[in-house]
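Since the structure comes first, as structure tokens, the remarks are kept for the end.
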Amino acid sequence: MSRPKIARKSTSVDMTAMCDVAFLLLSFFILTTKFKAAEAVEVATPSSVSSKIAPEKDVTLVSVTKDGKVFVSLDNEDVKAELASQLNSAAGAGLSPSDIALFKKASFYGTPISQIKSALQIPSDKLTGAALPGIPVQDTAHNELTTWMNAIVTAHSSTGTKMNLIVKGDNIVKYPIFKNIVTSFKKSDQFKFQMITNPESVPNGTDLWRKYMKGEVATTE
Amino acid sequence: MAEMDTSGGGGHKKGPGVKKAKKASTRVDLTPMVDLGFLLITFFIFTTTMSQPTAMKLNLPKDTDKPEEQNKLKESGAFTMLLGKNNNVYYYEGQLDPSASNMKSSTMKQIRDEIIRKKRSTPEEDLMVVIKASDESTYKDVVDALDEMTINDIKRYALVDISDVEGQLVNISDTRGK
């Protein structure tokens, strides 16, 4: 009796399908990755043990650069348009409809209200924090951020969006500037805000660390 | 010697003497390409999740002039931090006496020990840390001080404006410390 021969199968697998999957995933990740927008306003943030991730939607970001200039940026275009008309009616910014269109495109604002119109003419590739004077907050009498904040709050409530107020300050900014910003928040009835920080690990042996060890608080909130 | 078949192909049949061109396999080993693909995927997954900035929350109290709405705090439970220049921190417990003899100097790195000591020696409901930042202190100092509250699990703390006397004291100590 002769045994039937077992056909010898090749051990090499067709890799094409796997390759397809790999590159499909790769392109998916590349396309969905939001690159951090090249920061026109450079800010080196301090670090904290907070592990809460900063909100990304409907954000009102108040950034303070190391030379103490204050900038405001928003991400929602509807709110921006509403803000422009608020600034027109409440602060007399005098923006024409074409200015408002530019205002909607602008990524951040950092001028006294009287100069918004001229600053909008600066092409976006030349628009950097250094080119703008910043929103004046130096003294309580001329704290224009209060005007901005009031307009922003109204713009959010009239478009029905929730406002996420975030402060992003540079390490070496002097405290009085921060205090003036906080004062303007209080004046426009904004009592809750968040501060952008770099994540930092909890020092061992501290009370918070013990809490984490016991599992009382989740490390990622 | 091998000869190249330059005839247009197609139409006419090859004679019996013409050799058939050897068919090379078109299959390529795709394993390295798959490796590369997954390597890049891993890279992108890691870089996307890592770069998210975190934020710390701060709730402000509403300014009020009415004394009955203001928070009272026990003198024994009060711990005041004064933030000065160059990460200097000055602190005192209870009230500052007129001669400022109970004001001690420290730094942002060493203040934690003092906070822990105070926390251990005070009943929890009495403990209140008051942070007063001077005009010379930086935003980083303030964030560090607030962070210190989170690290040491202090329930009650407040960011308060510095008084003139305290401001001058911090200035004097800052210049003396140099």
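Just so it is clear, none of the values below were taken in a lab; they were calculated from the coordinates. Bear in mind the structure is a predicted one, so any value in this text is a computation, not a measurement. Cβ sites come from the backbone with ideal geometry, for glycine too, and all protein chains shown count toward neighbours.
How much of the DSSP bridge set in the range B:74-177 is antiparallel, in percent, rounded to the nearest 5?
Bridges in the range B:74-177 that DSSP calls antiparallel: roughly 45 percent.
Consider a paramagnetic label point 7 Å from the Cα of B:ASP153 along Cα→Cβ; state which residues of the range A:179-218 have an amide N under 13 Å from it.
A:205-218, by backbone N distance to the label point.
Modelling each spin label as a point 7 Å along the Cα-to-Cβ direction, I'd like the A:ILE30/A:GLN138 distance in nm, to one decimal.
Roughly 5.0 nm, to one decimal.
Past 25 Å, Cα to Cα: identify those pairs from A:LYS57/A:LYS80; A:LYS117/A:LYS186; A:LYS80/B:LYS140; A:LYS211/B:LYS57; A:LYS168/B:LYS118; A:LYS69/A:LYS179, in the order given.
Pairs exceeding 25 Å: A:LYS117/A:LYS186; A:LYS80/B:LYS140; A:LYS168/B:LYS118.
Could you calculate the contour length gain from A:GLU200 to A:GLU56, that is, 0.36 nm times the residue separation minus the distance between their Cα atoms, to one decimal place in nm?
49.8 nm
Report the Cα-based extents of the range A:1-159 along its three principal axes, largest first, to the nearest Å.
Rounded to whole Å, the extents work out to 108, 40, 32 Å.
Quick one: if the Förster radius is 35 Å, what FRET efficiency do B:SER76 and A:ALA44 give, using the C-beta to C-beta distance and rounding to 0.05?
About 0.30, to the nearest 0.05.
Which whole number in µm²/s is D for the range B:97-153 by Stokes-Einstein, with the Kirkwood Rh taken over Cα pairs at 25 °C and 0.890 mPa s? Present the calculation step by step, with values, prior to reporting the outcome.
Values: Rh = 12.7 Å.
Answer from the Stokes-Einstein relation: 193 µm²/s.
In peptide A:166-178, how many Cβ atoms from other protein chains are near each Cβ within 10 Å, on average?
On the way: counts 2, 5, 3, 5, 3, 6, 4, 4, 8, 14, 5, 2, 7.
Neighbouring Cβ atoms belonging to other protein chains average 5 per residue here.
Can you figure out the FRET efficiency of A:SER2 with B:LYS20, using R₀ = 51 Å and their beta-carbon distance, to the nearest 0.05? Before the final figure, lay out each step's value.
Numbers: r = 36 Å, r/R0 = 0.71.
It comes to 0.90.
Hey, what number do you get for the protein assembly as shown at 222 nm if only DSSP H runs of n ≥ 4 count, each worth -39500 (n - 2.57), divided across all residues, to the nearest 500? If you can, show how the numbers build up before the last one.
Numbers: 11 runs with 140 residues, N = 399.
After summing the helix terms and dividing by the residues of the protein assembly as shown, the value is -11000 deg cm²/dmol.
Let me understand the range A:71-178 better: what is its radius of gyration from the alpha carbons, and its Dmax, in angstrom?
13.6, 39
Quick one: Debye curve from the alpha-carbon atoms of the range B:74-177 only, equal weights, vacuum; give me log10 I(q)/I(0) at q = 0.16, 0.18, 0.22 Å⁻¹ to two decimals.
-0.62, -0.79, -1.21
Give me a single rounded figure for B:23-30: the average over its residues of other chain Cβ atoms within 10 Å of their Cβ.
2
In 20 Å bins starting at zero, report the fraction of Cα pairs in the protein assembly as shown per bin as a rounded %.
21, 41, 21, 10, 7, 1
Points 7 angstrom from Cα along the Cβ direction at A:SER114 and B:ASP29: gap in nanometres?
7.5 nm
Ranked highest first by average number of other Cβ atoms within 10 Å, how do A:93-106, A:168-181 line up?
The most tightly packed comes first, giving A:168-181, A:93-106.
First measure r as the distance between the Cβ atoms of B:GLU114 and B:ASP135, then evaluate 1/(1 + (r/R0)^6) with R0 = 22 Å and state the FRET efficiency to the nearest 0.05. The partial results should precede the final answer.
Working: r = 23 Å, r/R0 = 1.05.
Efficiency, from the Cβ-Cβ distance: 0.40.
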